[in-house]
Structure formats: C-alpha cells, structure tokens
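Participant: Just dropping this structure here.
Values quoted throughout were computed directly from the atomic coordinates according to the rules given, and no laboratory measurement underlies them. Treat the numbers as computed from the prediction; the structure is a model and nothing was measured. Glycine gets a Cβ as well: all are built from the backbone with ideal geometry, and neighbour counts include every protein chain shown.
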Amino acid sequence: MERLQKVLAHAGVASRRKSEELISMGHVKVNGKVVKEMGIQIGNSDVVEVDGVPIYREEPVYFLLNKPRNMITAVSDDKGRPVVTDLFTNIEQRIYPVGRLDYDTTGALMLTNDGELSQLLMHPKHQIDKTYVVKVKGLVDKKSLNRLEKGIVIEGKKTAPAKAKILSSDRTKDVTMVELTIHEGRNRQVKNMFQVIGHPVEKLKRESYGTLTLDGLQPGEWRELKTFEIYQLRNSAIQEETTK
Ligand code: URA
C-alpha cells in the first residue's frame, strides 16, 4: 500500500507537493470516485486516474548510461534524431532521463521511471555533485580557475561555488583539460561558464553523477543501479538540502 500523493509522484505525474494540489483540487479519482483528502492508501488493485487518464504504476527501475555523442537526451525527437531511450530496446518500463546532457556531450546520465526520485535529484535545492572533464581552447590559468570556483555571472545570475582543477595542458595544441564539479544544472552551464572566461569548450564529458561513475561502461552502454546506489543518491540529495 502507498499513499495517493506518493503514487502520483512515483508515476511521474508531478512532485509530491503538486500531486497534493491536484488531489485537493479534485483532479484525481480512485476507483471512479473523486478523492480530495490526503493520505488515502492505494493498493495494487486500485485504479487511479488524473483528469480521466489512468496512471500505470510500474516497478521503479534505475539505470546509468554512458551517453554517446550525437544523441538527444529525450524520449523522442520531432526531427527523428536518435534519442537516449533508443539504447534501452529491451526495457518495457517507460523510463526517461534525469536532467539532460547536450547532443554532443558524453558521459554519465541516469534514467528512471521513478518520478519522485527524479524530481528530488533535479530540484535546485537538492542538486547533487556532477563532475565533468572538459577540453577547452587555450591555456587556462589559476585566476580563471578561481573565477570558475567562486561563481560566474551567466544571464544575470551567479553560478554557485564549484571545484575546478587543471588535469593537463598542451601548449602546442593550445588546449587545457579541466575537471569541474558543480551541483547546479542550468542549461549548457559548463559551456557557458568556460565561454565567459574566454575558453570555449571543445569536448565535454560527465565523469560522475553523485557517487555514480562511468567505471566499466563504454559510450552507449548502460547498467542497472544497485539498491545501495539508489539509497546513496536519495540521501546525498537530501543532505545537499541542508548543506548548500
Ligand atoms: N553543461 C553543459 O554545458 N552541457 C552539458 O551537456 C552538461 C553540462
């Protein structure tokens, strides 16, 4: 048995708080009857509908993908380009990506059908650490690294403190490899941060997502998460709320 608002959140309908609003506004029916009170317990045989559309409650599943280049982080694309869920042909659950990586970005991307965890991980208050390995044009100096770490103003808003370190630099090729850890998830954030400091990004890879690393995964490969990894992600998201 699970509380109604949790069932809606797990099905990816909305966050738990938004689901409560939907319930109190009379959008939700259980076994054909509108239910407006919170906390009603739902069993496997109960039929839940939101605005007349039945909610299918699937077993939650969790995956880590090493996203290859030239693939859209979405479940479909109106221009017919390849999308990340194309790589999960034998998975019957309706999974979707948690957050996004650009078309040309590679690396760690989580996919799930657990709407509640997904909302938790993506909530601006909870966002967990993401580490990127970035190849940029030019030789990055200490001062520029400091600017990345302290925060850069992008579209009028300063980025949150980050961690940055130089992995290597190549004078002849005029490129630097930088490791950058951020916890926000603004659109094209890493590329924009480097653009502002005058070092356009040439290649971008997400090495880790929270405690999840790409170990053992080639681009295009994925694996199912272990139970303890799901706990770790949930816990680190909740801890971020209290520390950031
Ligand atoms: N930041 C970017 O600029 N692009 C990504 O794909 C991820 C983070």
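Participant: Rounded to the nearest 0.05, what FRET efficiency do Arg16 and Lys163 give with R0 = 35 Å and r taken as the Cβ-Cβ distance? Could you check? Write down the numbers at each step before the final one.
Facilitator: Values: r = 31 Å, r/R0 = 0.90.
Computed FRET efficiency for Arg16 and Lys163: 0.65.
Participant: On to the next question. Counting only helical runs of four or more DSSP H residues, what would the 222 nm mean residue ellipticity of the chain come to if each run contributes -39,500 (n - 2.57) and the total is spread over all its residues?
Facilitator: Taking each H run of at least 4 residues, the total per residue is -7000 deg cm²/dmol.
Participant: So what's the gap between the Cα centers of segment 168-220 and segment 46-98, to the nearest angstrom?
Facilitator: If you average the Cα positions of each part, the centres end up 26 Å apart.
Participant: Another question, then. Sort largest first and round to whole Å: the equivalent ellipsoid semi-axes of segment 156-244, each the square root of five times a Cα gyration tensor eigenvalue. Display every interim value, and only then the final one.
Facilitator: On the way: eigenvalues 147, 78, 24 Å².
Largest first, segment 156-244 gives 27, 20, 11 Å.
Participant: Moving on. Going through segment 69-101, which trypsin sites (Lys or Arg not before Pro) have at most 13 other Cβ atoms within 10 Å and a DSSP loop state?
Facilitator: Lys79, Arg94
Participant: If the cut-off is 23 Å between C-alpha atoms, which lysines fall inside it for Lys125, apart from same-chain ones fewer than 8 positions away?
Facilitator: Candidates past the 8-residue exclusion: Lys6, Lys18, Lys150, Lys157, Lys158, Lys163, Lys191, Lys244.
Participant: Right, here's the next one. Which residues make up the longest stretch of the chain that has no GluC sites (Glu not before Pro) in a DSSP loop with at most 12 other Cβ atoms within 10 Å?
Facilitator: The longest such stretch corresponds to 156-244.
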